[in-house]
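Enquirer: Could you have a look at this structure, given as structure tokens, before my questions?
The values are calculated or read from the model by the stated rules, or taken from the named source; none is laboratory data. From a predicted model like this one, the values you see are computed outputs, not experimental measurements. Ideal geometry is used to build each Cβ from the backbone, glycine not excepted, and the neighbour counts take in all protein chains shown. Just the protein is used for accessible areas: all its heavy atoms, side chains included, with ligands, DNA and RNA removed. Shrake-Rupley method; radii C 1.70, N 1.55, O 1.52, S 1.80 Å.
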Amino acid sequence: MSSQKKNQLANAAAFLPLFLALSFIFFLFSRANAIDSAVKNAAPLSQEEKAALEKKLDGLYPERKALLKPLPYERPAAGFDLNAEAAILFDQESGRILYQKNADIATPPASMTKLFLIACVLEKIRRGEASLEQTVPLGPDSWASHAPPRSSLMFLGKGQIASLEDLLSGLSVASGNDAAAAIAGALYGSMEDFLDDANGLVKSLGLEKTFIAEPSGYSENNMTTPREMAAFCRVYIRRFPEALEKFHSIKKFEYPKEKNLPPEQIGRGPQDFSKGIPDEIWTKFEFENTNKLIGVLEGCDGIKTGYIDESGYNLALSTKRGEQRFVSVTMRGSGKSRQEGDENRFLDGSALHEWAYKNFRAFRPEALSQTEFIVPLYGSEKFFVRLVLKENGSLPVPKDGKIKIQVKTPKRLFGKIDFGQECGSMGIYDGEALLEEIPLVAAEGCRGANQFVQRSDEIILRLKGGLAGK
């Protein structure tokens, strides 16, 4: 090899460390810029992506799916005494319990049982297995004349022509036991099939103390607690919000109308009920909703009353004012007469809901300018991690409170991140008092990078001022 060639190789070898150093510095700056750019340009999740993320988080944190949850801070004193022996009041959106009294006492729901039947029917309609317009055959088991003593009735009779919508209205307003028998018999074929469906729904919701023995609520073998009935009501209103306006908030209902009668019964004269209820009924009855708070208590739009001797006077009650809805369940209410029982339900329901609106207002994280937080991620296969609220964050807060939010997130994270890993928090404060602290969790998992990238990112972080978060 010539001396000139040797000199060229020596010069190249001398410049090689400098070249490698410059290349490494270029790599460091390029990677740092890539991470900064990715963080800056990260797009918010779409609605479809949010829905998929919520489903994944539900799987990782089953407690997210709890239907009712305690209020995370001390509530104001109620300042009233209820007539009912057992009660519960909650915020519909968040499921937070605002008030409870003996909420786990097992008690027959009485006609509140009909809500389980209505829920099963509305689910059938959603699946296309039934329709509100369909005519429901009225067999003898559904005639008012064959109903057990002291039943609440919509006065179904032989030869009448009733749609499913008619019967659901009769269930909701008149609390007709005859309507319950007609629907269960026609849509299920057998009582056993209905009970399988209803108790399957109960089981799917995790209601361990609730059991449906028959659809009308007449039997004392139906069983629930105020807490579990409230949890069911929350699901019912979520799944079928249209039912409140269409059925449960109807103040008055007439039956049978002319369209419900066969031709030979139309125009016939007065009927004699002094010797009992006849099989054929053409007399029109006007029913007032058994929930006496409809049209009286502001925002009241349902939901269902119930009474048998073994349960006392029960009431599942819903009100909505603006965007806020509260729901209560009162059970074992007393009363020496129907009038007194109704009055006590009226007073209890009014006291609970007026107290709720007086003391609480809704806080929703959607009202914040930011609910997703992008944190730079080093030493990983990805450039950033997205942090989201572990819970949905909606919370009833003190109505006159000075609500503020404090978000704590790391400046940067390093290496492997697991999906759902807690990496920060959002605190909801009333002044200086912490109401609730909600963890921020990683919206997706990502693996750590290879050793070269990790060591390189450590250098970048040292240049940036410290390896925080490793």
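Residue-wise test of (1) crowded, with 18+ Cβ neighbours inside 10 Å; (2) without any contact (Cβ under 8 Å) to a residue 40 or more places away in the chain; (3) over 30 Å from Leu167 (Cα atoms); (4) among the hydrophobic types (A, V, I, L, M, F, W, C).
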site: Leu28; (1), (2), (3), (4): no, no, yes, yes
site: Ala34; (1), (2), (3), (4): no, no, yes, yes
site: Pro44; (1), (2), (3), (4): no, no, yes, no
site: Glu48; (1), (2), (3), (4): no, yes, yes, no
site: Met112; (1), (2), (3), (4): yes, no, no, yes
site: Cys120; (1), (2), (3), (4): yes, no, no, yes
site: Pro137; (1), (2), (3), (4): no, no, no, no
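Enquirer: Can you list the strands (runs of 3 or more DSSP E) lying wholly within segment 285-350 that have 2 or more residues being at negative phi, touching a helix residue (DSSP H, G or I) at 6+ places or on another chain (Cβ under 6 Å) and crowded, with 17+ Cβ neighbours inside 10 Å?
Expert: Hits in segment 285-350: 300-308, 312-321, 324-333.
Enquirer: Mind checking which residues of segment 1-37 are modelled with pLDDT of 80 or more and either among the aliphatic types (A, V, I, L, M) or over 24 Å from Ala449 (Cβ atoms) (or both)?
Expert: Matches in segment 1-37: Leu22, Ile25, Leu28, Ala32, Ala34, Ile35.
Enquirer: What tally of residues in segment 408-431 results from selecting those that are within 30 Å of Val453 (Cα to Cα) and among the β-branched types (Val, Ile, Thr)?
Expert: Residues in segment 408-431 being within 30 Å of Val453 (Cα to Cα) and among the β-branched types (Val, Ile, Thr): 2 in total.
Enquirer: Taking segment 371-382 only, how many residues are crowded, with 19+ Cβ neighbours inside 10 Å, under 17 Å from Asp457 (Cα atoms) and not small (Gly, Ala, Ser)?
Expert: Count: 4.
Enquirer: Tally time: how many residues in segment 205-234 are open to solvent by less than 50 Å² (accessible area, probe 1.4 Å), of a type outside the set (Phe, Trp, Tyr) and closer than 24 Å to Gly176 by Cβ?
Expert: Here the count works out to 12.
Enquirer: Could you list, in sequence order, all residues of segment 253-279 that are touching a residue at least 60 places away in the same chain (Cβ under 8 Å) and surrounded by 12 or more Cβ atoms within 10 Å (Cβ to Cβ)?
Expert: Phe253, Tyr255, Pro256, Asn260, Leu261, Pro262, Gln265, Ile277, Pro278, Asp279
Enquirer: For residues in segment 160-198 being in contact with a strand residue (DSSP E or B) (Cβ under 7 Å, 6 or more places away or on another chain) and surrounded by fewer than 21 Cβ atoms within 10 Å (Cβ to Cβ), which is farthest from Cys233 (Cα to Cα)?
Expert: Among those that are in contact with a strand residue (DSSP E or B) (Cβ under 7 Å, 6 or more places away or on another chain) and surrounded by fewer than 21 Cβ atoms within 10 Å (Cβ to Cβ), it is Ile161.
Enquirer: Is it the case that some residue within segment 355-368 is modelled with pLDDT of 95 or more and among the acidic types (Asp, Glu)?
Expert: No, the conditions are met nowhere in segment 355-368.
Enquirer: Something else now. Out of all the residues in segment 235-252, which are more than 9 Å from the chain's Cα centre (by Cα) and open to solvent by less than 10 Å² (accessible area, probe 1.4 Å)?
Expert: Phe240, Ala243, Leu244, Phe247, His248
Enquirer: Within segment 52-110, can you find the residues that are open to solvent by 30 Å² or more (accessible area, probe 1.4 Å), closer than 15 Å to Gly349 by Cβ and among the hydrophobic types (A, V, I, L, M, F, W, C)?
Expert: The answer is Phe80, and nothing else.
Enquirer: Continuing with the same structure: Working only within segment 73-87, note down all residues that are within 27 Å of Tyr429 (Cβ to Cβ) and modelled with pLDDT of 95 or more.
Expert: Tyr73
Enquirer: Would you call Ala174 among the aliphatic types (A, V, I, L, M) and farther than 17 Å from Glu254 by Cβ?
Expert: It is false that Ala174 is among the aliphatic types (A, V, I, L, M) and farther than 17 Å from Glu254 by Cβ.
Results for (1) part of a strand (DSSP E or B); (2) more than 25 Å from Leu195 (Cα to Cα), shown as yes or no for each residue.
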| site | (1), (2) |
| --- | --- |
| Leu98 | yes, yes |
| Phe116 | no, no |
| Cys120 | no, no |
| Glu123 | no, no |
| Pro149 | no, no |
| Ser152 | no, no |
| Leu156 | no, no |
| Gly159 | no, yes |
| Glu165 | no, no |
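Enquirer: If a residue counts only when it is open to solvent by 60 Å² or more (accessible area, probe 1.4 Å), which strands (runs of 3 or more DSSP E) contained entirely in segment 387-470 have at least 1 such residues?
Expert: Per the criteria, 403-408, 422-430, 433-442.
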